[in-house]
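Engineer: This is the structure I have questions about; it appears just below.
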Amino acid sequence: MVTGIVVVLIFIVIAALMIAKKLPTVLALPLMAILIGFAAGLPLKGEEGILTNVIPQGALKLSGTYVAILFSCWLSRILYRTGVSATIIKKAAEFGGDKPFIVSLLLCAASVFLFTVLYGTGAVAMVGAIVLPIMLSVGVPPLTACNAFLAAMTAGYVINPANIAALTNITGVAQSDLYLTAGILTAFSCVFCVGILWWGFRKKGKKYAFSAEISNDNDDEEIETVKGFRGFLACMTPVVVVLVMLIFKLDAIVVFMIGILWLMLMTFKGNWSKYCSMIVQSCYEGFKEGAPTVSLLFGIGMLISAMTAPTTQAAIQPFMEAITPTSAVALILFVCLLSPGGLYRGPFNIMGLGAGLAVSMLAVNAVPVLALSAAFYAAFRWPTQSCPTSTQVVWAANFVGYDPTTAAMKVFWPNWIVTALSVIVVVLIYI
């Protein structure tokens, strides 16, 4: 019991340092893994050693996940450079005509569609730099535009093969077992997005504003829209990727490779040498954009290795048995009440400190693994959309002229309600 309390104190101290911006997440997670290893009595060397297992093996533990994320970012860059992303967004804006609410809905729908395969802050910036100025120009209030776009991004993200692979590699469940949960969370996020837009127009009406200046790192004149039947098939790349994932149940890496090959087949024209150079350059740029997430996964893997070591599990088991819910009602209350702890990479963010909590609760085996995994995924939706420390939130908020905390707190209570509802639904399905 004492070891369990010490581990919790380590969680709290590290989380406090992260919230106070005294310690970045990329350093906090490995540090936490090492401290928990010492607290649990792990040796420096040996089969469970901190220097021989927790650090080196932990850094590789989620290798399948971060390779999938890097391939997703590669696909994101190709979609951008070939003009497919811009085509999808511009067509959505054209279909909306002169009706601001309809334009906004279609732009958000296009964003959902794209983020089923796009990944990373770079992808958010690429899509947002087109979507947000259009929304602002038709009179969507800045904070409404920001939060609606982030909700749409999240709706696509939760069914993105890369995110599903991340969760399943942490919890050990099969990817196909979480497709239903992903679909439910996408539906909740879409409803939330529509609600944000409806409420923003109802309360504030049209409010014309200017977005932040768009970086000119990429020459927009080189980006052309795709046309013709092959162009249409290129725009269907997200559909192809998701259908391959759902029908054939392939690994996320394979799914994204198929997406890349499909996109190359549908967009190649002109000089093959020049086209290959673009593909290679997209790979380099995509891997660079995926690096921040990958760096977190190194630390998450170390944390999982430290928490799942038999010595650690034996030491903290009495404490985990005392706090882990054993029924559907208890699990729902536990996750719903504490889900704000997912903010600031806290203990309910599966892509942060929550990785350690999740694997420890799973080891107790008090509730079905699928129910617990689905509940953590439902809680993950909130920080993905509205955590002030998430890079996509920081970028979108700054783009419309607000600080990320203001943007996140604007939808704090609605997010809590939607999270609670989604947790209730997925837990009752799986338990």
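To keep it simple, each residue is scored yes or no on (1) in a loop (DSSP other than H, G, I, E, B); (2) in contact with a Phe, Trp or Tyr (Cβ under 7 Å, 6 or more places away or on another chain); (3) hydroxyl-bearing (Ser, Thr, Tyr); (4) closer than 23 Å to residue 304 by Cα.
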| residue | (1), (2), (3), (4) |
| --- | --- |
| 130 | no, no, no, no |
| 140 | yes, no, no, no |
| 145 | no, no, no, no |
| 149 | no, no, no, no |
| 152 | no, no, no, no |
| 159 | yes, no, no, no |
| 168 | no, no, yes, yes |
| 177 | no, no, no, yes |
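Engineer: Out of (1) modelled with pLDDT of 90 or more; (2) within 14 Å of the chain's Cα centre (by Cα), the odd one out for residue 375 is which?
Structural biologist: With (1) modelled with pLDDT of 90 or more; (2) within 14 Å of the chain's Cα centre (by Cα) applied to residue 375, the lone miss is (2).
Engineer: Of these, 388, 383, which one is at pLDDT 90 or above and closer than 19 Å to residue 25 by Cα?
Structural biologist: 383
Engineer: Still on this structure: Can you find even one residue in segment 95-102 that is at pLDDT below 95, open to solvent by less than 10 Å² (accessible area, probe 1.4 Å) and not basic (Lys, Arg)?
Structural biologist: yes
Engineer: Continuing with the same structure: When you scan segment 327-334, do you find a residue that is hydroxyl-bearing (Ser, Thr, Tyr) and out of contact with any helix residue (DSSP H, G or I) (no Cβ under 9 Å at 6 or more places or on another chain), even just one?
Structural biologist: yes
Engineer: Return yes when residue 35 is open to solvent by 40 Å² or more (accessible area, probe 1.4 Å) and under 19 Å from residue 311 (Cα atoms) and no when it is not.
Structural biologist: yes
Engineer: Right, next: Quick one: in segment 329-356, of everything that is in a helix (DSSP H, G or I) and touching a Pro at 6+ places or on another chain (Cβ under 6 Å), which residue is surrounded by the most Cβ atoms within 10 Å (Cβ to Cβ)?
Structural biologist: 342
Engineer: If you don't mind, there's one more thing I want to ask. Would a scan of segment 127-148 turn up a residue that is open to solvent by less than 10 Å² (accessible area, probe 1.4 Å) and under 24 Å from residue 358 (Cβ atoms)?
Structural biologist: For segment 127-148, residues open to solvent by less than 10 Å² (accessible area, probe 1.4 Å) and under 24 Å from residue 358 (Cβ atoms): absent.
Engineer: Conditions: (1) open to solvent by 10 Å² or more (accessible area, probe 1.4 Å); (2) out of contact with any Ser or Thr (no Cβ under 6 Å at 6 or more places or on another chain); (3) in a helix (DSSP H, G or I). Residue 116 meets all but one. Number of the miss?
Structural biologist: Here residue 116 meets the rest and fails (3).
Engineer: For segment 229-246, give me the residue count where each residue is modelled with pLDDT of 90 or more and open to solvent by 60 Å² or more (accessible area, probe 1.4 Å).
Structural biologist: Number of matching residues: 4.
Engineer: If you don't mind, another one. Within segment 265-290, track down each residue that is open to solvent by less than 40 Å² (accessible area, probe 1.4 Å) and among the aliphatic types (A, V, I, L, M).
Structural biologist: Passing the criteria: 266, 278, 279.
Engineer: Further question: Could you please give the count of residues in segment 363-380 that are touching a residue at least 60 places away in the same chain (Cβ under 8 Å), out of contact with any Gly (no Cβ under 9 Å at 6 or more places or on another chain) and either at positive phi or assigned to a helix (DSSP H, G or I) (or both)?
Structural biologist: Of the residues in segment 363-380, 6 are touching a residue at least 60 places away in the same chain (Cβ under 8 Å), out of contact with any Gly (no Cβ under 9 Å at 6 or more places or on another chain) and either at positive phi or assigned to a helix (DSSP H, G or I) (or both).
Yes or no, residue by residue, for (1) more than 21 Å from the chain's Cα centre (by Cα); (2) modelled with pLDDT of 90 or more; (3) in a loop (DSSP other than H, G, I, E, B):
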{"site": "216", "(1), (2), (3)": "yes, no, yes"}
{"site": "257", "(1), (2), (3)": "no, yes, no"}
{"site": "264", "(1), (2), (3)": "yes, yes, no"}
{"site": "293", "(1), (2), (3)": "no, no, no"}
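Engineer: Now, a different point. Collect the residues in segment 43-78 that are open to solvent by 10 Å² or more (accessible area, probe 1.4 Å) and over 26 Å from residue 121 (Cα atoms), keeping them in residue-number order.
Structural biologist: 43, 44, 45, 46, 47, 48, 51, 52, 53, 55, 56, 57
Engineer: Residue by residue through segment 381-408, note down the ones that are in a helix (DSSP H, G or I), more than 16 Å from residue 345 (Cα to Cα) and open to solvent by 50 Å² or more (accessible area, probe 1.4 Å).
Structural biologist: 395, 398, 406
The values are calculated or read from the model by the stated rules, or taken from the named source; none is laboratory data. Just so we're clear, the structure is a prediction, and the values are computed from it rather than from any experiment. Neighbour counts are summed over all protein chains in view; Cβ atoms, including those assigned to glycine, are modelled from backbone coordinates with ideal geometry. Accessible surface areas use protein heavy atoms only, side chains included; no ligands, DNA or RNA. Shrake-Rupley method; radii C 1.70, N 1.55, O 1.52, S 1.80 Å.
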